[in-house]
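Visitor: Starting off with a structure, shown below.
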Amino acid sequence: DLLSIDRVGASFVVDLAIFACFQGWLVNDDMKRRNMDTDTMLAKVAKFIPFFGMALYLNQRVPLVRK
């Protein structure tokens with residue numbers, strides 16, 4: 001009921017849903033760039049648990065090594 005009245009709230013929910021759909025792709029891309037194994041438990045949590053999985057991944061990932 002509230003989402004049908006509040007445009008800002010509705011657009012925020014839509015944005016969160018769209019980001020949750022792309023989160024797995026973003027994690028895979030970053031893991032490949034950092035030469036990390038994409039079949040670890042961290043990868044699975046980061047891909048399939050929206051938002052909190054991404055926060056955990058950002059805290060636990062290995063540093064990016066520049067050549």
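Visitor: Accessible area per residue for the chain in Å², computed with a 1.4 Å probe and the full protein assembly in place, what is it?
Guide: 81
Visitor: How much solvent-accessible surface does ILE49 expose, in Å² to the nearest 10, with a 1.4 Å probe and all protein chains in place?
Guide: 80
Visitor: Based on Cα coordinates alone, diagonalise the gyration tensor for the chain, multiply each eigenvalue by 5, take square roots, and list the semi-axes in whole Å, largest first. Kindly include the intermediate steps, with their values, before the conclusion.
Guide: Values: eigenvalues 187, 26, 17 Å².
Semi-axes (√(5λ), whole Å): 31, 11, 9.
Visitor: With all protein chains present and a 1.4 Å probe, how do ARG33, ARG66, ARG61 order by accessible area, largest first?
Guide: Numbers: ARG33 135, ARG66 200, ARG61 80 Å².
So the residues, ranked largest to smallest area, are ARG66, ARG33, ARG61.
Visitor: Are there chymotrypsin sites (Phe, Trp or Tyr not before Pro) in the chain that DSSP marks as loop and that have at most 14 other Cβ atoms within 10 Å, and which are they?
Guide: Working: sites: PHE12, PHE19, PHE22, TRP25, PHE48, PHE51, PHE52, TYR57; in loops: PHE51.
Here the chymotrypsin sites (Phe, Trp or Tyr not before Pro) that fit, given the DSSP loop and packing criteria, are PHE51.
Visitor: Taking the Cα centre of the chain as origin and charging only Cβ (+1 Lys, Arg; -1 Asp, Glu), how large is the dipole, in debye to the nearest 20? Walk me through the numbers before you get to the answer.
Guide: Values: 9 positive and 7 negative charges, 104 e Å.
Dipole of the chain, to the nearest 20 debye: 500 debye.
Visitor: Can you pull the percent of region 22-67's accessible area that's carbon plus sulfur, 1.4 Å probe, other chains left in place?
Guide: The value for region 22-67 is 60 percent carbon and sulfur by accessible area.
The values are calculated or read from the model by the stated rules, or taken from the named source; none is laboratory data. Note that the coordinates shown come from a computational prediction; the quantities given were computed from them, not determined experimentally. Glycine also receives a Cβ, built like all others from the backbone with ideal geometry; neighbour counts cover every protein chain displayed. Ligands, DNA and RNA are excluded from the accessible area calculation, which covers all protein heavy atoms including side chains. Shrake-Rupley method; radii C 1.70, N 1.55, O 1.52, S 1.80 Å.
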